[in-house]
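Student: I'd like to ask some things about the structure below.
Any read-out appearing in this document is the output of simple, stated calculations on the displayed coordinates, not a laboratory observation. Remember, it's a predicted structure, so these values are computed and weren't measured experimentally. In this analysis, Cβ positions are derived from the backbone assuming ideal geometry, glycine residues included, and neighbour counts consider all displayed protein chains.
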């Protein structure tokens, strides 16, 4: 069974199918006659595949069209031509409906028999988990029920996805093997005749005109001159400073004038005379406070409510109720006692809070010391890890250098692959140009048809406009529009109704104005009554204020008694002890820090001294080595001079 031929036969039948002219069943019966030379199993496979692709064309088109939208092939493939895309619908149909029946082995044979690159791209796209669970599921759910889609197609495809990954790995390896360049056989050297014909020398090119450069603009004077803005800002700053000094001087001279307002001499003399006079009583001019309407009504309501409560209390007493004065006195004493205990409790809590705060500070200092110790250990561990990491990085760099050398040696023979790639690109460009010319021709035909349709429409509009029609209309105010509506009326009736509405509005406004005036008068009378009540009540409030001041004095005495409580004094002593302990610990820590600083400075000084001594010793050794080298060179020169003299004496003995 050759799956490649079976798939091609199914694609051919799909291309021949025309849904507008014949039904699916009749097409399958006609195609069965042409498949008579194939075995029955092959005929069944082809018929089922073609019938399924036609029946589920909507589902398959969703996947295939989006696949081409995500690929570069859309630039040279026409989507509307289903014949071009029919290879992928067949594979998509087999994956959706017959993957369980065929099994992974038979399905792999079918995929391997087709184009490796195209099948790898399509299966990677179709069996992607993200695509299946998101937009594919959503698009299919618009055609079928969501639960049916999930149970029938999405779940089986996700179950097969792990096994399809192995098939995709095989296809990717096959693609990489096919893309490797083959070594071309070495060509033998062929002898060629000498080409003795010398080419003609090229004529000298015409000299290009020298472009005239535009005259440069001179450097502006502001480039080498300091700007004026800093000087202006400095002057303004100086003026503001002088002004601030002047204001400060005046404020110091006229200090506390508004706070300590003094009386004039005339007022002081009059006041002293009044104090010396018999039966003096100080009477100050109390200015009345002006109240608005809201404040008067609010205060009057408050006084009325207080008066009602007082009347109710008197009525209860007249009816035989008990006098609560003794109970109120007892209640007042108990409240004062409770207040004293509460103040003592508050003072104890405040001192306990301060004590807990001091203890928390001491605990925090202990935690900081522990953290510093842990940080020191962590730094030592980090230094050890950094040393190991540096050694590891050195080893990795050496391995990377070796790998780069291997890759560079493998890239030397890539010229043949570049030539082959260039030929493939030229062929693709040629196909794209042919298809683009076909698309341009179709677009031109469509544009001509659209233009002719518009010309016909314009001609009809002009014919309609050329027909004359009567533009004059005569209006009768007493007639209706003739629209047969219940609210329909003539212009005369409309004017009459509008006039009546205006009269009714004027009458209503007059009534409202009269009503507002009456309400205003009654409100003024009410305000006058409330003012009288307020004046009477304020005199009573002054007496209550004096009583409250006396109670405040008593409360101050209670607070003084609370401060002398034994438990409060004990807590105060505990707080002072905690604060003294924390202060002592802080001073001891400061002493330790100073000692550590002194030790660090001594270490730095000793290190500098040792370093200076080592440098001096190093320079001394260098000078000694240089001196020895100079002596050695001088001795070598002397020995060579003596040898030269002996040789000349041996050669020329008579000259001595």
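Student: What's the extension gain from residue 445 to residue 546 if we count 0.36 nm per residue and subtract their Cα-Cα distance?
Tutor: Stretched out fully, the residue 445 to residue 546 stretch lengthens by 25.6 nm.
Student: With a Förster radius of 30 Å, plug the Cβ-Cβ distance of residue 271 and residue 295 into 1/(1 + (r/R0)^6) and report the FRET value to the nearest 0.05.
Tutor: 0.30
Student: Show me 48-61, 487-500, 156-169 ranked by packing, highest mean number of other Cβ atoms within 10 Å first.
Tutor: Per-residue mean Cβ counts within 10 Å order the peptides as 48-61, 156-169, 487-500.
Student: What is the extension gain from residue 536 to residue 195, computed as 0.36 nm multiplied by their sequence separation minus the C-alpha to C-alpha distance, in nm to one decimal?
Tutor: Extending this stretch completely gives an extra 109.0 nm.
Student: Next up: Would you mind ranking 327, 67 so that the residue whose beta carbon has the fewest other beta carbons within 10 Å leads the list?
Tutor: Ascending Cβ contact count within 10 Å gives the list 327, 67.
Student: R0 = 25 Å: FRET efficiency of residue 508 with residue 485, Cβ-based, nearest 0.05?
Tutor: On the way: r = 29 Å, r/R0 = 1.18.
That pair, residue 508 with residue 485, gives E of 0.25.
Student: Okay, next question. In Å, what Rg and Dmax follow from the Cα atoms of segment 3-177?
Tutor: 16.1, 47
Student: Right, something else. In nm, give the distance between the simple-model label positions of residue 311 and residue 601, each being 7 Å from the Cα along the Cα-to-Cβ direction.
Tutor: My value for the distance between the label points is 9.0 nm.
Student: Okay, moving on. Based on the Cβ-Cβ distance from residue 158 to residue 55, what FRET efficiency comes out when R0 is 22 Å, to the nearest 0.05?
Tutor: Result of the calculation: an efficiency of 0.40.
Student: Run the simple label-point estimate for residue 212 and residue 170 please: 7 Å along Cα→C-beta, distance reported in nm.
Tutor: 7.9
Student: Evaluate the relative contact order of segment 3-177 (contact order divided by residue number), counting alpha-carbon pairs under 8 angstrom at least 6 apart; express in whole percent.
Tutor: Reported as a whole number, the value is 24 percent.
Student: Let me ask something else. Which residues in segment 45-61 have a backbone N closer than 12 Å to a point placed 7 Å from the Cα of residue 18 along the Cα-to-Cβ line?
Tutor: Inside the label zone: nothing.
Student: Kindly rank 211-223, 301-313 from highest to lowest mean number of other beta carbons found within 10 Å of each residue.
Tutor: 301-313, 211-223
Student: Okay, moving on. Within a 10 angstrom radius of the beta carbon, how do 121, 33 rank from fewest other beta carbons to most?
Tutor: By the 10 Å Cβ count, ascending, the order reads 33, 121.
Student: Using a simple spin-label model with points 7 Å from Cα along the Cα→Cβ vector, what separation in nm is obtained for residue 423 and residue 495?
Tutor: It is 9.8 nm.
Student: When the chain is fully extended, how far beyond the present Cα-Cα distance does residue 34 get from residue 8, taking 0.36 nm per residue of separation?
Tutor: 7.9 nm
Student: Right, something else. How would 618, 120 line up from fewest to most surrounding beta-carbon atoms within 10 angstrom?
Tutor: Values: 618 10, 120 19.
Starting with the residue having the fewest Cβ neighbours, the order is 618, 120.
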